[in-house]
Amino acid sequence: AYKKAQYWNEFNNILSLPEAGLYFGITAFNSKLYKSGIQVLNESSKSEFTNFIDNRTTDNGTILYYAVDKTIEDIEKAKLPEEIKSVAIITFTDGLDLGSLRQENMEDIYDSKSDYLDAVHNRIKSTQIKGNKIVSYSIGLRGNDVGSSEDQIAEFRQNIEKIASKPEY
């Protein structure tokens, strides 16, 4: 009876292990956060991801820092295989951060947008997922909220640089 119970427990453990493969998730953001969930990429989930993207619309506002911060948190909580080879975040943005401090009372935690950006940058640099550092890429296409002032352009460029794990990313 002991051996049967032991084998049954091992079998159940195997069934509950995450599937091997490429795991993927999407966090979309404007003035709100939208999450697809992290799951193994296959034909079924590809369709779910496509529908998720197709159902997004543009809206005023960009909660850039908050979105990257919550994405890291979601990856940390995700049920992933033990033997993963890499963890990557790719962020696309068109603007300045226009509301991250208003999310979940972040203004009580950070004194300024700059403090929050530095904290997100430090999380990107220091967080490890199953022994793997996060590789983070950022792509910025300047939108209407980034005016022509040198200060706004500098802030936009700093955002793009700091949400990447290396300046060249």
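The values are calculated or read from the model by the stated rules, or taken from the named source; none is laboratory data. Just so it is clear, the structure is predicted and the values come from calculations on it, not from any experiment. A quick note on method: Cβ atoms are made from the backbone with ideal geometry, for glycine too, and the neighbour counts reach across all protein chains shown. Please note that ligands, DNA and RNA were not included when accessible areas were found on the heavy atoms of the full protein model with its side chains. Shrake-Rupley method; radii C 1.70, N 1.55, O 1.52, S 1.80 Å.
Laid out as a table, the results:
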item	result
Residue tally, condition acidic (Asp, Glu), in a helix (DSSP H, G or I) and either at positive phi or in contact (Cβ under 8 Å) with a residue 40 or more places away in the chain (or both), over the range 127-159	1
Matching residues, the range 59-112, being open to solvent by 70 Å² or more (accessible area, probe 1.4 Å) and outside any loop (DSSP other than H, G, I, E, B)	Glu76, Lys77, Ile90, Phe92, Arg102, Glu104, Asn105, Glu107, Asp108
Some residue of the range 18-39 being of a type in the set (A, V, I, L, M), in contact with a Gly (Cβ under 8 Å, 6 or more places away or on another chain), at pLDDT 95 or above and not in a helix (DSSP H, G or I)	yes
Selected residue (criterion: most open to solvent (accessible area, probe 1.4 Å)) from residues of the range 113-136 that are within 22 Å of Ile38 (Cβ to Cβ) and touching a Ser or Thr at 6+ places or on another chain (Cβ under 7 Å)	Lys125
